[in-house]
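The values are calculated or read from the model by the stated rules, or taken from the named source; none is laboratory data. In this text the structure is predicted, and so the values were computed from the model without any measurement. Cβ placement follows ideal geometry from the backbone for every residue including glycine, while neighbour counts extend to all protein chains displayed. Note: accessible area is taken over every heavy atom of the protein model, side chains too, but ligands, DNA and RNA are not part of it. Shrake-Rupley method; radii C 1.70, N 1.55, O 1.52, S 1.80 Å.
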Amino acid sequence: MLLISTNPILIGNLIVNNAAGVTLSGTEFFNVLSTATITSGELATGGRLVLKSTATGTARIAAVAGTLTGNVTTETFIPAGRRAYRFLGNPFTTAQAMSGLIDDIYVTGDGTVAGTGGATPGAGLDATSTQCSIKLLV
């Protein structure tokens with residue numbers, strides 16, 4: 001899911017040090033530019049926490065001493081100007097389904113099974129003919 005906000009909240013370092021906890025809510029997204037640190041209490045993201053990534057750095061979550069609940073969106077900056085293989089991974093210990101990528105990344109091709117041009121429904125990924133992020137082979 002692409003998270004877009006008309007008035008993003010930009011935070012250099014987010015520090016939660018409150019035994020009562022903090023809950024992110026509302027319609028805006030909380031964009032961390034450097035480090036999110038939870039030293040005490042719970043940070044309930046409500047799906048509104050984004051770890052930003054730019055050419056100059058990528059945000060991170062420091063070791064959590066309290067509790068972190070809810071979804072966190074992470075970005076990975078990939079420089080333009082060159083098509084190359086890139087290995088992307090995640091820090092999770094449980095398997096992630098490929099279906100979780102649907103509508104999040106672009107693939108080279110028309111998005112249908114074996115490039116049938118729409119005759120056979122495909123994987124549901126966003127299709128493009130140029131400048132893809134990933135190539136789907138079926």
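Computed quantities for the displayed model
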{"read-out": "Order of exposure, largest accessible area first, which applies to SER25, SER53 with probe 1.4 Å", "value": "SER25, SER53"}
{"read-out": "Residues in segment 41-56 that a label on THR76 would reach, taking backbone N under 11 Å of a point 7 Å out along Cα→Cβ", "value": "none"}
{"read-out": "Solvent-accessible surface ranking, highest first, for LEU43, LEU68 at 1.4 angstrom", "value": "LEU68, LEU43"}
